[in-house]
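Asks: Can you read through this structure? Questions will come right after.
Only the coordinates and a few stated rules stand behind these numbers; no lab work does. Model, not experiment: these values are computed from the prediction. Every residue, glycine as well, gets a Cβ built from its backbone with ideal geometry; the counts of neighbours run over all protein chains shown.
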């Protein structure tokens, strides 16, 4: 599932599985921010939180 959010036009968001974890990723210009989603999380609210305060940052080359 890939989506974008108003106000974060340069970011693309996707929800992926890593093993048994459901993870929200934010992607922009080789930068990847991610956070684990819990079953009852509001995906859009968590996306806003992820950009404001990332929990994990992987910078691709």
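Asks: Only one of the values [x] 1.03; [y] 1.10; [z] 1.61 was calculated from this structure for Cα Rg over 2.2 N^0.38 Å; name its label.
Replies: After the calculation, the listed value that fits is [x].
Asks: In addition: Separation between the residue 5 and residue 36 pseudo-spin-labels, each 7 Å from Cα along Cα→Cβ, expressed in nm?
Replies: With each label placed 7 Å out from Cα toward Cβ, I get 2.0 nm.
Asks: Kindly put 17, 3 in sequence by how many other C-beta atoms sit within 10 Å of each C-beta, fewest to most. It would help to have the intermediate numbers written out before the result.
Replies: Values: 17 8, 3 12.
So the ranking, lowest neighbour count to highest, is 17, 3.
Asks: Which value in deg cm²/dmol, rounded to the nearest 500, describes the helix-derived mean residue ellipticity at 222 nm for the chain, given -39,500 (n - 2.57) per DSSP H run of n ≥ 4 and division by the residue count?
Replies: Details: 1 runs with 10 residues, N = 61.
So the calculated ellipticity at 222 nm is -5000 deg cm²/dmol.
Asks: Tell me, what is the FRET efficiency for residue 44 and residue 20 to the nearest 0.05, using R0 = 30 angstrom and their Cβ-Cβ distance as r? Mind dumping the intermediate values first?
Replies: Details: r = 23 Å, r/R0 = 0.77.
Here the calculated transfer efficiency is 0.80.
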